[in-house]
Ligand code: NAD
Ligand code: TDX
């Protein structure tokens, strides 16, 4: 099988590529990535010499680029991980989100149609459903996105839906809860807080810290995508969840405790605009098909903390340059 993974130099997709090449020695993976601030070839340093892996620098919002890859590479499956992904950046500057998450998705869907691709998996998020006080989002819950990020992802997902209904294309749409684990860009809650604490800085907790997220270890998400790649029903939508819900303050205290630090390291900062209160997905449909999350949260978060402690070669160079410009804007 020859898989085109878009956004393969990012957090989740690089973990997926590593897992896939290890598990299936006869599969080939093409990684098409624009290398934005979040794309980092260091995420794949250990596999860059693998004969079944090829990196192509390119933008999914550039139709000619996408068509060129499709013409040259004889792709069987596309997994679309590429996106602008950070809610706070979408609040400061939504432009790239519309380009990549909407136009980029559209270009890939056109390629699925034109080049008769066997399967397309859209990697999406629970954030498209908006915030929920009680209960869990189901696959057919209505979209109520509250940030330019989630609105751009929802738009891409709606295009996918329309290409299933109108053109009968072999598409699967996934909505996952929050990921955490190795190689996550240190702008997101968990890697930002771990690396700030290692650097003797404080951690900026938004509002009262009581917002709730459901958390899945990135390798469990990779397992879910692998499962859907082989057993998912075309034309279907699947939620991916772990059932593990945590308030931000709980996550913060857990990281502090693990690093032997106290609450004085928490800096309460202004709340995020339009901050969603809680996300939680009902993943019964995927579990009934035979997948379930395997990693224990307490073990996996400890493992994650250890990974950032042992791999400052990876995150220290990131926390400079453009990153600092962003933080000046974000916490001005
Ligand atoms: P990330 O921000 O770490 O990486 C995104 C990657 O996409 C980068 O390598 C970047 O260079 C690439 N990219 C961006 N624009 C591109 C373009 N126009 N063309 C080609 N490549 C481009 O992302 P992540 O956090 O690993 O998220 C991956 C996917 O999973 C996204 O689609 C995101 O919406 C979805 N998702 C993420 C989470 C989460 O908690 N991180 C949860 C649910 C869903
Ligand atoms: O500095 C911070 N302080 C803070 O309190 C940051 C960066 C976040 N937070 C809070 C905001 C959220 O309630 O922590 C929670 C998690 O924030 P993020 O890590 O930014 O994730 P979230 O907004 O939940 O979105 C994430 O999950 C869904 C990903 O970034 C998305 O790409 C994914 O679709």
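When 296, 101, 220 are sorted by how many other C-beta atoms sit within 10 angstrom of their C-beta, beginning with the fewest, the order is 296, 220, 101.
Estimated from helical segments only, the mean residue ellipticity of the chain at 222 nm is -11500 deg cm²/dmol, where each DSSP H run of four or more residues counts as -39500 (n - 2.57). With 0.36 nm allotted per residue and the present C-alpha distance subtracted, the residue 57-residue 270 stretch has 72.9 nm of extension available. Helix 189-198 sits at what angle to the longest principal axis of the chain, using alpha carbons and giving 0 to 90 degrees rounded to 10? In the chain, helix 189-198 runs at an angle near 50 degrees to the longest axis.
Label sites at residue 257 and residue 327, each approximated as a point 7 angstrom past Cα along Cα to Cβ, lie 2.7 nm apart. Over all Cα pairs of segment 58-164, how is the pair count split among 10 Å bins, expressed in % and running from 0 up to the last occupied bin? For segment 58-164, the binned pair fractions read 15, 44, 29, 10, 1 percent.
Kindly identify segment 1-76 as rounded, prolate or oblate by the Cα gyration tensor criterion: order the square roots of the eigenvalues as a ≥ b ≥ c, call it rounded if a/c is under 1.5, otherwise compare a/b with b/c, prolate if a/b is larger, else oblate. Because a/c hits 1.5 or more and a/b fails to exceed b/c, segment 1-76 counts as oblate.
Note on segment 286-330: semi-axes of the ellipsoid equivalent to its C-alpha gyration tensor, largest first and rounded to whole Å, are 33, 16, 9. When each of 177, 222 is scored by the number of other beta-carbon atoms lying within 10 Å, the sequence from fewest to most is 222, 177. Only Cα pairs under 8 Å and 6+ residues apart enter the sum, and on that basis the relative contact order of the chain stands at 17 percent. Assuming R0 = 25 Å, what is the FRET efficiency of residue 233 and residue 292, from their Cβ-Cβ distance, to the nearest 0.05? Result of the calculation: an efficiency of 0.90. Summary of the geometry: segment 215-238 and segment 1-34, compared by the centres of their Cα atoms, lie 14 Å apart.
Over segment 192-326, all Cα pairs binned in 10 Å intervals from 0 give whole-percent P(r) values of 10, 32, 34, 19, 4, 0, listed from short to long.
Label-to-label distance for residue 166 and residue 303 is 4.3 nm, based on points extended 7 Å past Cα in the beta-carbon direction.
Compute the long axis of helix 63-73 from its Cα atoms, compare it with the longest principal axis of the Cα atoms of the chain, and write down the angle in degrees, 0 to 90, nearest 10. Tilt relative to the chain: about 70 degrees. Note on residue 277 and residue 48: the extension gain reaches 78.4 nm, defined as 0.36 nm multiplied by sequence separation minus the Cα-Cα distance.
Cα convex hull, the chain: 125 Å³ per residue, rounded to a whole number.
Going by neighbour counts of Cβ atoms within 10 Å, the residues 212, 5 line up, fewest first, as 212, 5. Where a ≥ b ≥ c are the square roots of the eigenvalues of the C-alpha gyration tensor, would you call segment 40-101 rounded, which needs a/c under 1.5, or, failing that, prolate if a/b is larger than b/c, or oblate? In terms of gyration-tensor shape, oblate. Taking the Kirkwood radius as Rh and the Cα radius of gyration as Rg, segment 107-230 has a ratio of Rg/Rh equal to 1.03. Rounded to the nearest 10 degrees, what's the angle between the helix 218-231 long axis and the longest principal axis of the chain, both from Cα atoms, 0 to 90? Roughly 20 degrees between the two axes. Segment 287-312 and segment 96-173 have Cα centres separated by 26 Å. Once the Cβ-Cβ distance of residue 200 and residue 144 is raised to the sixth power relative to R0 = 41 Å, the FRET efficiency obtained is 0.55.
Each value in this text was obtained by applying a stated rule to the coordinates, not by laboratory testing. All values derive from a computational prediction rather than experimental measurement. Cβ sites come from the backbone with ideal geometry, for glycine too, and all protein chains shown count toward neighbours.
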